[in-house]
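Asker: This structure is in structure tokens; I'll ask about it shortly.
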Amino acid sequence: MSEESSCCAPSCCSEETAAQQHKQSDDIRNNVRESYAKVAEASNHNESCGVESSCCGVSDDIDINTLNSLRLGYSDDDLENVPEGADMGLGCGNPRAIAGLSIGEVVVDLGSGGGFDAFLAAREVGESGQVIGIDMTPTMISKARNNADKACFESVEFRLGEIENLPVADNTADVIISNCVINLSPNKARVFKEAHRILKPGGRLAISDVVASCEMPEEMKNDLALYSGCMAGASLIHELENFMQDAGFSEIKITPKDESKEFIKDWAPDTNVTDYVLSAHIEAVKL
């Protein structure tokens, strides 16, 4: 067999590698979607799911969900001013703390879940503003829409879609917020390109997410439970900076939160995951 016809020829090998990468990405998305569908269903039935203190676990004890949110940086006032069932104690921070939202702004929430951050953002942008939540899990979208209807949040809408392919027009948003979701994407470079596309000139990112402080062992990276648990998919800080620069962002600022290790260690108590990951504020501007 000639080199040109061999399956080891460059074109054949590159096609095979691309197919493997595509399958791996699909496996990750499907696992994440299934995990968060279970979270939404558990919340709907007031049941616990997963590790109750984790970014993808909910408790049947409302006080535990409240405690989780308080230690992420939310206030009692925040928790009292969202529809019942919107706060599931999920996330790794409070992106609104760095968003600086103003009346009349358009906000897009990547991975909006049950709508917790979207509803809080709606209070800040007022009736003249708009909040668009995006989530790839149909059960979460249904939950968020029901929450919005119950509480008459008319300036909030929720759209089904992947954050790598946002169902939002170019130059729409003043601000993009997200809470512990981009780490779940197998194509983060694409996420930031899409974020840049839908932001208006001068628009900004205000993101809380899990980042890697050093390279993780391969067995951790390949653990789907740790991936859907917001840990294994974390990128190194310089990688995120490169993704954002390549997408066209400027004024990039990534601020790790060392104190976040206190709650992240509860997400996977039988591992040494906090040797590798922590939460961070991620900010940038589209010029």
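Asker: Of all residues in region 30-50 being surrounded by 17 or more Cβ atoms within 10 Å (Cβ to Cβ) and not small (Gly, Ala, Ser), which is modelled with the lowest pLDDT?
Answerer: CYS49
Asker: Suppose the filter is basic (Lys, Arg), within 30 Å of VAL106 (Cβ to Cβ) and surrounded by 22 or more Cβ atoms within 10 Å (Cβ to Cβ); does LYS193 pass it?
Answerer: No, not satisfied.
Asker: Something else: For region 94-111, which residues satisfy the criterion of being surrounded by 15 or more Cβ atoms within 10 Å (Cβ to Cβ) and either free of Cβ contacts under 8 Å to residues at least 60 places away in the same chain or out of contact with any Gly (no Cβ under 6 Å at 6 or more places or on another chain) (or both)?
Answerer: Residues satisfying the conditions are PRO95, ARG96, ILE98, ALA99, LEU101, VAL106, VAL107, VAL108, LEU110, GLY111.
Asker: Oh, and also: Among helices (runs of 4 or more DSSP H) lying entirely in region 185-274, which contain 3 or more residues that are of a type outside the set (A, V, I, L, M)?
Answerer: Where helices (runs of 4 or more DSSP H) fall fully within region 185-274 and carry at least 3 residues being of a type outside the set (A, V, I, L, M), they are 188-198, 218-221, 237-247, 261-267.
Asker: Does ASN222 fit the bill of being surrounded by fewer than 15 Cβ atoms within 10 Å (Cβ to Cβ) and at pLDDT below 95?
Answerer: Taking the combined requirement at face value, the residue satisfies it.
Asker: With the requirement that a residue be touching a helix residue (DSSP H, G or I) at 6+ places or on another chain (Cβ under 7 Å), of a type outside the set (S, T, N, Q) and buried (at least 16 other Cβ atoms within 10 Å of the Cβ), what does region 152-183 give you?
Answerer: Answer for region 152-183, where residues must be touching a helix residue (DSSP H, G or I) at 6+ places or on another chain (Cβ under 7 Å), of a type outside the set (S, T, N, Q) and buried (at least 16 other Cβ atoms within 10 Å of the Cβ): PHE153, VAL156, PHE158, ILE163, GLU164, LEU166, VAL168, ALA173, VAL175, ILE176, ILE177, ILE182.
Asker: Can you spot a residue in region 134-141 that is of a type outside the set (S, T, N, Q), buried (at least 22 other Cβ atoms within 10 Å of the Cβ) and either modelled with pLDDT under 95 or in a helix (DSSP H, G or I) (or both)?
Answerer: Yes, some residue in region 134-141 is of a type outside the set (S, T, N, Q), buried (at least 22 other Cβ atoms within 10 Å of the Cβ) and either modelled with pLDDT under 95 or in a helix (DSSP H, G or I) (or both).
Asker: Identify the residue in region 225-242 that is of a type in the set (A, V, I, L, M, F, W, C) and buried (at least 20 other Cβ atoms within 10 Å of the Cβ) and, among all such residues, is farthest from ALA37 (Cα to Cα).
Answerer: LEU240
Asker: Can you confirm whether region 59-72 contains a residue that is in a loop (DSSP other than H, G, I, E, B), at pLDDT below 85 and surrounded by 16 or more Cβ atoms within 10 Å (Cβ to Cβ)?
Answerer: Taking every residue of region 59-72 in turn, at least one turns out to be in a loop (DSSP other than H, G, I, E, B), at pLDDT below 85 and surrounded by 16 or more Cβ atoms within 10 Å (Cβ to Cβ).
Asker: For ALA122, indicate whether it is in a helix (DSSP H, G or I) and either modelled with pLDDT of 95 or more or buried (at least 24 other Cβ atoms within 10 Å of the Cβ) (or both).
Answerer: Taking the combined requirement at face value, the residue satisfies it.
Matching residues to (1) in contact with a helix residue (DSSP H, G or I) (Cβ under 7 Å, 6 or more places away or on another chain); (2) touching a residue at least 40 places away in the same chain (Cβ under 8 Å); (3) small (Gly, Ala, Ser):
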residue	(1), (2), (3)
MET220	yes, yes, no
ALA232	yes, no, yes
MET244	yes, yes, no
LYS261	yes, no, no
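Asker: Find all pairs meeting these conditions: Cβ atoms under 6 angstrom apart; at least six residues apart or on different chains; first residue within region 115-144 and at positive phi; second residue not small (Gly, Ala, Ser).
Answerer: Listed by first residue and then by second, the contacts come to GLY115/ASN147; GLY126/ILE103.
The values are calculated or read from the model by the stated rules, or taken from the named source; none is laboratory data. If you're wondering where the values come from, they're calculated on a predicted model, not measured in any experiment. A quick note on method: Cβ atoms are made from the backbone with ideal geometry, for glycine too, and the neighbour counts reach across all protein chains shown.
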